[in-house]
Amino acid sequence: YVAKRFFEIGSDAEVTASENKDHLEKELIRLKTAAWFLNKFKSYAKECGVEFSADVTVSDGFLICEIGEPSPASSLPPCERDGAIWLIEPRRTKSVQKFSGTMVYPNRHDKLGKTLAAFTHFVYESSGQEIVIAD
């Protein structure tokens, strides 16, 4: 497993325990939302008899809270008792491939690339055109 904490959120100020908690909760919600859509996508593809790459996964995750004085790894001051929150995810043994981004649309023609393109369209349409998925 790996533990994640926010040290930078776009400002020069130190990330507070409260800001870290807020950003980690949002990150976990994004993970769970993506996993929910992926399960719906795979079910719909099977129902329609459409082949897809089984290699597409969404990382699992959960939050933990340090009890008592925060650890040195958290970089929080000692007064932030019970304030160090971490997002825990399984450690990846394979390298991670990027397929898209904020301003980049995927342009792959293999089964995995086509699956991811179809998944992004599925999420967009299934969410009433409110959610866009990028890795």
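Observations on the structure shown:
- C-alpha long axis of helix 17-47 to longest principal axis of the chain, angle in °: 20
- Backbone geometry of the stretch 53-66 corresponds, through the Karplus equation with coefficients 6.51, -1.76 and 1.60 at θ = phi - 60°, to 3J(HN,Hα) couplings of 6, 7, 6, 7, 9, 10, 4, 7, x, 7, 9, 10, 10, 6 Hz, x marking Gly and Pro.
- Given the choices (1) 35, 19, 15; (2) 35, 15, 14; (3) 24, 17, 15, semi-axes √(5λ) of the Cα gyration tensor in Å derived from the coordinates of this structure is entry (2).
- Per residue accessible area in Å² of the chain, where ligands, DNA and RNA are left out and the probe is 1.4 Å: 69
- Helical content alone sets the calculated 222 nm signal of the chain at -12000 deg cm²/dmol, taking -39,500 (n - 2.57) per DSSP H segment of four or more residues and averaging over every residue.
- For a straight C-alpha distance cut-off of 20 angstrom, the lysines reachable from Lys94 (same-chain residues fewer than eight places away being disregarded) are Lys4, Lys111.
- Amide H contacts of Ser53 (H built 1.01 Å from N, under 5 Å, at least 5 apart or other chain): Thr115
- Accessible area of the chain belonging to carbon and sulfur atoms, whole % at 1.4 Å probe: 55
- Here Lys32 is the anchor, and the aspartates and glutamates within straight C-alpha reach of less than 15 Å, apart from those fewer than 8 places off in the same chain, are Asp60, Glu89, Asp135.
- Between Ser71 and Lys111, residue separation times 0.36 nm minus the direct Cα-Cα distance comes to 10.0 nm.
- Taking Cα atoms only, the orientation of helix 111-126 departs from the longest principal axis of the chain by about 80 degrees.
- Placing Trp86, Trp36 in order of accessible area, with the largest value first and a 1.4 Å probe, yields Trp36, Trp86.
The values are calculated or read from the model by the stated rules, or taken from the named source; none is laboratory data. In this text the structure is predicted, and so the values were computed from the model without any measurement. Quick note on the areas: whole protein, heavy atoms, side chains included, nothing else; ligands and nucleic acids left out. Shrake-Rupley method; radii C 1.70, N 1.55, O 1.52, S 1.80 Å.
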